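K.L.:
Encoded as structure tokens, here's the structure I'll be asking about.
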Amino acid sequence: MERKWWHSAVIYQIYPRSFQDTNHDGIGDIPGIINRLDYLVNLGITAIWLSPVYQSPNDDNGYDISDYCAIMKEFGTMEDMDSLLYEASKRNIRIIMDLVVNHSSDEHAWFIEARQSKDNPYRDFYIWRDAKQGHVPNELMSIFGGSAWEWDEQTQQYYLHLFSKKQPDLNWENPLLRQKIWEMMNFWLEKGVGGFRMDVIDLIGKQIDKGITNNGEKLHDYLQEMNRETFGKYDVLTVGETWGATPEIAKLYSNPSRKELSMVFQFEHVCLDQQEGKEKWDLKPLNLSKFKQVMSRWQIELGQEGWNSLFFENHDLPRVVSRWGNDTTYRIESAKMFAILLHGMKGTPYIYQGQEIGMTNYLAEDISQVSDIEAINMYHHRLSNGYTKEEILCSINAKGRDNARTPMQWDSSQYGGFSNATPWLALNKNYKEVNVKQALEDKCSIFYTYKRLIALRKEHDIMVWGDYELVPTDERLFVYERVYNGVRWQVVANLTSEHVPFKRDRGELLIANYDNPTDCLRPYEAYIINKEI
Ligand code: TEU
Ligand code: CA
């Protein structure tokens, strides 16, 4: 396999709204990111995945774009964006842009045109259908709740929106639309961005009349065309967000010979703690054997063909310490354990802002404290279906997207060093104890575990290229080995708060979250050793 920079990269995801506010309007901004670049240099990351910074009415926090070539006013200007690219590249950090092209905002000029009349030149940039006996064209549902069809009074047709009604789906079957998207991508590539994270990219081949949304027939053709017309000529990272990917499908995207993407985000592990055939809100405990089995299957299936992305958190998911670890007694131990477990694997690791200091879920006591459109829609829907407020808030607190979106906790001052003004979303109450300043001062903090893991990856090819082998063991432990050029590393992690016996192998200890590992693993204990062989 041809070796690319992104094989050995570590990516840090920034959710700009919540990262750092500089002009004190309570909203994070691009100058704030620039101010914190040296912090990221200290951590050692290679690239930043920037959640959308484009002009947007913020119905879905920037995932509803009204101009792909302009910057959201609250975040700054195009000059700020250019400075970010410049300042980042000075520090050898690449900027991966979020590409949201399954849909636009309904305030995008294309949609404003399209809804003027049935024969408007932009009409076919979107997906329109006649009413069926006075009703919606079919039963398709929006991922944010309710029908995926919205009636347009003026032109007497429905348009499709798989997300909110302010996010009309783009019609990828239209070659002119694709052309416009290639132009826009080339605009950013010429500016020197390091690649794209592609929002819900597996939906662009949808075949609506057959009820098919993800993995449609033309999906891979479109991606090959995109590669040819845009980023194929550049040395960039591309990662598709693909909720519907199996390992087989992931190989189609990421086998370099097919000239599609570098890698995809798959979500099989992320869906394990929800009830079968139900929604993410329908909670179920994580089955540890299943978890190991799923993680291992992806490691093995994409071991020789294609490439894995590695992540536990992003802006749509709860905090991993709260979700699968322990965010009270063993917050530090379990956060480090998940870091070691993930970064020991084969693939490109992604760290979501705040994960490196063990930020935890946010507990909302009332729906008025919730900002996310997905959770708010679900709340009203379930209330009218007879659920109690308590039940619904319990789901939101476990799985809601605001959990990861609270402002970054930089220090213990008012508003946590994020801003001097009331933030757009309240800070987590624990910011006085859990913050970057504290983490940097404490040599044993979670931050330094991440820093060490990133450094190890840079120093040792085995972490990037080594083959993966699962070691069968106690259900509560996750043990695997990496093998490369006669070297063998063993990664050991206790997924529970119990003491679990495990025979420690001989070898050099490379990283650990407790002192002196023995033959009994303590709560959430994890380490990596270079085995003597
Ligand atoms: O997410 C895709 C998506 O399907 C999520 O809405 C997901 O179902 C949900 O969050 C489960 O936690 C992407 C973006 O990452 C998300 O932020 C956007 O809201 C969405 O697309 C629409 O652009
Ligand atoms: Ca601001």
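The values are calculated or read from the model by the stated rules, or taken from the named source; none is laboratory data. Predicted model, so just to flag it, every value in this text is computed and none were measured. No Cβ is skipped: glycine too gets one built from the backbone with ideal geometry, and neighbour counts run over all protein chains shown. Protein only, heavy atoms only, side chains kept; ligands, DNA and RNA dropped before computing areas. Shrake-Rupley method; radii C 1.70, N 1.55, O 1.52, S 1.80 Å.
K.L.:
Condition first: more than 9 Å from ligand 2 (Cβ to nearest atom) and either assigned to a loop (DSSP other than H, G, I, E, B) or touching a strand residue (DSSP E or B) at 6+ places or on another chain (Cβ under 7 Å) (or both). Now tell me which residues in region 8-29 satisfy that.
P.N.:
A9, V10, I11, Y12, Q13, I14, Y15, P16, F19
K.L.:
Which of the residues that make up region 126-145 are more than 18 Å from N214 (Cα to Cα) and either assigned to a loop (DSSP other than H, G, I, E, B) or in contact with a strand residue (DSSP E or B) (Cβ under 7 Å, 6 or more places away or on another chain) (or both)? Steps first, please.
P.N.:
Within region 126-145, the subset more than 18 Å from N214 (Cα to Cα) is 128-137.
Once the filter is applied, which keeps residues that are more than 18 Å from N214 (Cα to Cα) and either assigned to a loop (DSSP other than H, G, I, E, B) or in contact with a strand residue (DSSP E or B) (Cβ under 7 Å, 6 or more places away or on another chain) (or both), region 126-145 yields W128, R129, D130, A131, Q133, G134, V136, P137.
K.L.:
For region 30-51, enumerate the residues that are within 16 Å of ligand 2 (Cβ to nearest atom) and not aliphatic (A, V, I, L, M).
P.N.:
Once the filter is applied, which keeps residues that are within 16 Å of ligand 2 (Cβ to nearest atom) and not aliphatic (A, V, I, L, M), region 30-51 yields P31, G32, N35, R36, S51.
K.L.:
So, one more: Does V370 satisfy being open to solvent by less than 30 Å² (accessible area, probe 1.4 Å), under 24 Å from E74 (Cβ atoms) and among the hydrophobic types (A, V, I, L, M, F, W, C)?
P.N.:
So V370 passes the test.
K.L.:
Looking for whichever is open to solvent by 10 Å² or more (accessible area, probe 1.4 Å), closer than 24 Å to A9 by Cβ, of a type in the set (D, E, K, R) and more than 16 Å from ligand 2 (Cβ to nearest atom) here; the options are E268, E260, E241, E225. Which one fits?
P.N.:
Answer to the check: E268.
K.L.:
Pull up region 68-107, narrow it to residues that are of a type in the set (G, A, S) and more than 16 Å from N186 (Cα to Cα), then point me to the one that is surrounded by the fewest Cβ atoms within 10 Å (Cβ to Cβ).
P.N.:
From region 68-107, those of a type in the set (G, A, S) are 70, 76, 83, 88-89, 104-105; that's our starting set.
Next cut, more than 16 Å from N186 (Cα to Cα) only: 76, 83, 88-89, 104-105.
Values: G76: 22, S83: 16, A88: 23, S89: 13, S104: 27, S105: 27.
Out of the qualifying residues, it is S89.
K.L.:
Same structure, new question: Which condition from (1) within 16 Å of ligand 1 (Cβ to nearest atom); (2) under 17 Å from D327 (Cβ atoms); (3) open to solvent by less than 10 Å² (accessible area, probe 1.4 Å) is the one that Q409 breaks?
P.N.:
The one condition Q409 does not meet is (1).
K.L.:
Just for helices (runs of 4 or more DSSP H) wholly inside region 241-358: which have at least 2 residues that are in contact (Cβ under 8 Å) with a residue 24 or more places away in the chain and within 21 Å of R401 (Cβ to Cβ)?
P.N.:
320-323, 331-343
K.L.:
Keeping to region 324-345, report how many residues are open to solvent by less than 10 Å² (accessible area, probe 1.4 Å), farther than 18 Å from L510 by Cβ and touching a Pro at 6+ places or on another chain (Cβ under 9 Å).
P.N.:
Summing the residues that are open to solvent by less than 10 Å² (accessible area, probe 1.4 Å), farther than 18 Å from L510 by Cβ and touching a Pro at 6+ places or on another chain (Cβ under 9 Å) in region 324-345 gives 1.
This table checks each residue for (1) over 27 Å from the mean Cα position of the chain (by Cα); (2) aromatic (F, W, Y); (3) away from ligand 1 (no atom under 16 Å from the Cβ); (4) over 27 Å from N58 (Cβ atoms).
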| residue | (1), (2), (3), (4) |
| --- | --- |
| K90 | no, no, yes, yes |
| M97 | no, no, no, no |
| V101 | no, no, no, no |
| S105 | no, no, no, no |
| W110 | yes, yes, yes, no |
| R115 | yes, no, yes, no |
| N120 | yes, no, yes, no |
| F125 | yes, yes, yes, no |
| A131 | yes, no, yes, yes |
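K.L.:
Within region 6-43, track down each residue that is in contact with a Lys or Arg (Cβ under 8 Å, 6 or more places away or on another chain), of a type outside the set (S, T, N, Q) and open to solvent by 10 Å² or more (accessible area, probe 1.4 Å).
P.N.:
R17, I27, D38, V41
K.L.:
Does region 423-457 hold any residues that are basic (K, R) and under 23 Å from the mean Cα position of the chain (by Cα), and which are they?
P.N.:
If the condition is that a residue be basic (K, R) and under 23 Å from the mean Cα position of the chain (by Cα), then K451, R452, R457 are the ones that fit.
K.L.:
Being without any contact (Cβ under 8 Å) to a residue 60 or more places away in the chain and among the charged types (D, E, K, R) is the filter; apply it to region 147-174 and report the residue that is surrounded by the fewest Cβ atoms within 10 Å (Cβ to Cβ).
P.N.:
E153
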